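Asks: Here it is, the structure in full.
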Amino acid sequence: MQIDWDELLPPTLPEKASAGGAAEPMQEPVPDAGIAARERDGDNRRRCIECGNLGERGICLAAQRGQVVASRNYTPVRDILRRCEGFAPLPTDPDQRYGIDKWGCLTDCSRPKDVTV
């Protein structure tokens, strides 16, 4: 049995006609441009690739230190938006608060926000 790999590939983007009548290839949608993207306006979640605790091999350094509840060799999915108490902002992040400060409710949601300990 042979597999037809060309048949399994996604179809190419259709061409659209321009005002002059010549066909132009359609542009692929631009992926999320990062923290400053309009789609993320008002969304305070971050990706693991935007975290200073993501090691070179993709292992979460906060998990290795025991700062988050995960195995010591935890390798997160890097491009999912999430709120993590182990988040460490990169120098390019406009919000320089750490995850424990930014999302304090992640560690103790039973305590009301207006009560200080």
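The values are calculated or read from the model by the stated rules, or taken from the named source; none is laboratory data. Bear in mind the structure is a predicted one, so any value in this text is a computation, not a measurement. Cβ placement follows ideal geometry from the backbone for every residue including glycine, while neighbour counts extend to all protein chains displayed.
Asks: Return the residues of segment 52-79 that are in a loop (DSSP other than H, G, I, E, B) and of a type in the set (A, V, I, L, M); say none if nothing qualifies.
Replies: Taking segment 52-79 as the starting set, the residues that turn out to be in a loop (DSSP other than H, G, I, E, B) are 52-53, 55-59, 65-79.
Matches in segment 52-79: Ile59, Val68, Val69, Ala70, Val77.
Asks: Based on what the data block shows, is Ile49 under 8 Å from the mean Cα position of the chain (by Cα) and not in a loop (DSSP other than H, G, I, E, B)?
Replies: Values: under 8 Å from the mean Cα position of the chain (by Cα): yes; not in a loop (DSSP other than H, G, I, E, B): yes.
Criteria met by Ile49.
Asks: Still on this structure, I have one more. So, of the residues in segment 52-89 that are more than 13 Å from the chain's Cα centre (by Cα) and aliphatic (A, V, I, L, M), which turns out to be surrounded by the fewest Cβ atoms within 10 Å (Cβ to Cβ)?
Replies: Checked segment 52-89; the qualifying residue surrounded by the fewest Cβ atoms within 10 Å (Cβ to Cβ) is Val69.
Asks: Can you tell me which condition Ile59 does not meet? The list is (1) at negative phi; (2) modelled with pLDDT under 95, and all the others hold.
Replies: Condition not satisfied by Ile59: (2).
Asks: Can I ask one more? Take segment 80-101 and flag every residue that is in contact with a Pro (Cβ under 9 Å, 6 or more places away or on another chain), part of a loop (DSSP other than H, G, I, E, B) and not hydroxyl-bearing (Ser, Thr, Tyr). Walk me through it before giving the result.
Replies: Applying the first criterion (in contact with a Pro (Cβ under 9 Å, 6 or more places away or on another chain)) to segment 80-101 yields 82, 84, 95-99.
Remaining after also requiring part of a loop (DSSP other than H, G, I, E, B): 84, 95-98.
Within segment 80-101, Cys84, Asp95, Gln96, Arg97 meet the criteria.
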